[in-house]
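Asker: Have a look at the structure that comes next, please.
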Amino acid sequence: MYVDPQRNNEVRKLNLPAMQKTHHPVESAEVHDNEDKMDVDEEQVDQQPSEEATAENNEETSQSPDEQENGDENANQQQDNIENANQGQDSSENANQQQGNNESANQQQDNTENSNELQTNGEANGTEANKTAEDQAQTQNGQSNAKPQPAVTTKMLILGKKTSGKYGLKDFQILRTLGTGSFGRVHLIRSNHNGRFYALKVLKKQTIVKLKQVEHTNDERRMLSVVSHPFIIRMWGTFQDSKQIFMVMDYIEGGEIFTLLRKSKRFPNPVAKFYAAEICLALEYLHSLNIIYRDLKPENILLDKNGHVKLTDFGFAKFVPDVTYTLCGTPDYIAPEVVSTKPYNKSVDWWSFGILIYEMLAGHTPFYDSNTLKTYEKILSAPLKFPAFFHEDAKDILTKLINRDLTKRLGNLQDGSEDVKNHPWFSEVIWDKVLARYIETPYEPPIHQGQGDTSQFERYPEEEIDYGIECEDPYGFLFKDF
Ligand SMILES: Nc1ncnc2c1ncn2[C@@H]1O[C@H](COP(=O)(O)OP(=O)(O)OP(=O)(O)O)[C@@H](O)[C@H]1O
Ligand SMILES: [Mg+2]
């Protein structure tokens with residue numbers, strides 16, 4: 001049996017003594033059945049919208065778990081402030097923003113809350129505080145206001161949007177496990193209201209406390225509650241019982257890029273470029289809100305039913321308008337400034353982005369070592385070596401992303417993400433089309449849509465579920481927003 005050393009969480013994940021992932025190894029390193037689909041031309045990334053790749057086809061079918069299949073149309077019109085502001089950004093998501101009867105009251109409340117927030121923000125002081133985080137990012141980047149931007153305020157980023165109160169265990173049937181992480185477990189679930197499938201991330205309060213992840217977990221909720229982007233997971237709500245906290249998300253059926261990558265050994269240049277382009281836009285969006293992601297790796301990138309990416313796992317995502325210090329991430333992907341505990345900011349995500357592209361092209365990370373301390377040593381000082389088959393443009397962008405000199409690292413320069421997008425490796429990419437999901441995907445996961453098909457996920461031993469039991473809750477006060 002093929003055992004993947006990089007899947008082993010002792011190697012892959014930092015600083016976590018307990019709750020190691022119990023991922024089953026990929027059975028063999030054989031090429032995936034659908035590999036022929038991945039054998040795409042260089043032009044594929046620059047493709048005009050084909051009949052197959054129309055917006056209609058790519059439209060998400062995401063729907064709120066409490067919305068009945070035939071919701072009241074008037075009620076569906078109700079949108080909250082963030083969602084309204086996002087409409088211009090991604091029209092295919094508009095359809096998904098529809099809300100059911102039950103939600104309209106909450107929505108109205110949200111509207112009031114949001115407008116109060118905006119007002120309060122404006123009143124707080126007349127200068128920086130009344131700008132949205134996006135405004136601030138734009139000013140920093142010297143960008144114009146050409147595109148409608150989500151009205152995510154600094155205050156929303158600090159407090160998050162309200163996510164509790166809408167859902168509870170009674171709303172879902174809990175089905176099989178989709179993944180186990182360092183801190184908990186993600187289940188496939190089915191809504192009792194509309195029969196649709198969702199994913200439920202469950203974290204044990206006691207484990208979170210033991211592993212000192214209280215702040216990270218609250219940040220995860222906060223960040224997921226405000227983000228809205230075609231390549232980022234959507235969270236519908238949160239709740240808790242005496243022992244656990246729960247996050248309801250869309251179920252992304254195509255599985256992890258990690259699994260596909262291990263089955264394929266490595267991706268051809270255009271395939272890696274396609275996934276990198278979509279992830280680049282997700283990072284650009286997060287950074288425009290001053291959110292650092294901090295855990296970029298193939299395990300956290302899922303493929304939707306059409307083969308577009310969805311970034312999941314915001315366990316280390318954080319609103320950082322200036323700098324932070326926390327040592328976190330996954331060893332192979334950690335930037336040198338984090339290893340050496342220097343203050344750092346968004347630039348760490350561009351380093352990890354380089355490692356991700358490298359791993360997709362090579363099939364392994366550049367500083368891999370079975371000994372984590374050696375990995376750190378390599379991150380700090382080993383020369384970056386490339387396999388002979390790497391394209392010249394790929395070597396160039398990787399040299400510029402995986403750059404220890406922060407004043408030279410691509411993505412961290414004056415023009416921020418624009419420099420990454422304008423690099424010759426991405427020269428054929430039409431970014432607006434990528435954002436609109438108009439580019440045909442290189443690989444379509446072989447799944448039966450909307451049926452709770454889990455064929456793309458590894459199997460995990462199921463634990464006995466003790467959710468919903470009322471007992472002493474010594475840590476509840478630490479998670480009051482769930
Ligand atoms: N929305 C989703 N749809 C489908 N599968 C998902 C979803 N969210 C998570 N998963 C699966 O569950 C796994 C674990 O989830 P996640 O990464 O959020 O947990 P974690 O405990 O934070 O993990 P980590 O070990 O990276 O810290 C993912 O790698 C993925 O396989
Ligand atoms: Mg994860």
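Every number here is computed from the coordinates shown, using simple stated rules; none is lab data. Since the structure is predicted, the reported quantities are computational estimates derived from the model, not experimental observations. Note: ideal-geometry Cβ built from the backbone for every residue, glycine included; neighbour counts use all protein chains shown.
Asker: Work out how much length residue 385 to residue 364 would gain on full extension: take 0.36 nm times their residue separation and subtract the Cα-Cα distance, in nm to one decimal.
Answerer: 6.4 nm
Asker: Give the peptides 227-234, 442-449 in descending order of average Cβ contacts within 10 Å, highest first.
Answerer: Descending mean neighbour count gives 227-234, 442-449.
Asker: Let me ask something else about it. May I ask you to work out the translational diffusion coefficient for the range 139-259 at 20 °C, viscosity 1.002 mPa s, via Stokes-Einstein with Rh from the Kirkwood sum over Cα pairs, reported in whole µm²/s?
Answerer: 134 µm²/s
Asker: For residue 408 and residue 392 in the same chain, what is the full-extension length gain: residue separation times 0.36 nm, less their Cα-Cα distance, in nm?
Answerer: Length difference between fully extended and current span is 3.9 nm.
Asker: By how many nm would the segment from residue 466 to residue 428 lengthen if fully extended, with 0.36 nm per residue of separation less the alpha-carbon distance? Numbers along the way, then the final one.
Answerer: Details: separation 38, 0.36 × 38 = 13.68 nm, distance 5.16 nm.
Net length gain for the segment: 8.5 nm.
Asker: Charges at C-beta only: +1 for Lys and Arg, -1 for Asp and Glu. How large is the resulting dipole of the range 345-466 about its Cα centre, in Debye rounded to 20?
Answerer: 740 debye
Asker: Quick check for me: using +1 on Lys/Arg Cβ and -1 on Asp/Glu Cβ, what's the dipole size of the range 256-435 about its Cα centre, in debye to the nearest 20?
Answerer: 420 debye
Asker: In µm²/s, what is D for the range 237-305 at 37 °C and 0.692 mPa s, where D = kT/(6 pi eta Rh) by Stokes-Einstein and Rh is the Kirkwood radius from Cα pairs?
Answerer: Approximately 230 µm²/s, per Stokes-Einstein.
Asker: Something else now. Treat each spin label as a single point 7 Å out from the Cα along the C-beta direction, and report the residue 477 to residue 174 distance in nm.
Answerer: About 2.7 nm, to one decimal.
Asker: Once both labels are modelled 7 Å past Cα along the beta-carbon direction, what's the residue 399-residue 371 spacing in nm?
Answerer: 3.1 nm
Asker: Hey, another quick one. Just how large is the dipole of the range 263-360 about the Cα centre, in debye to the nearest 20, putting +1 at every Lys and Arg Cβ and -1 at every Asp and Glu Cβ?
Answerer: On the way: 11 positive and 11 negative charges, 55 e Å.
With only Lys, Arg, Asp and Glu charged at Cβ, the dipole is about 260 debye.
Asker: Now, a different point. What does the charge add up to near residue 423, with Lys and Arg as +1, Asp and Glu as -1, over the other residues with Cβ less than 13 Å from its Cβ?
Answerer: -2
Asker: Can you figure out the FRET efficiency of residue 210 with residue 265, using R₀ = 41 Å and their beta-carbon distance, to the nearest 0.05?
Answerer: Step by step, r from the Cβ atoms, then E = 0.65.
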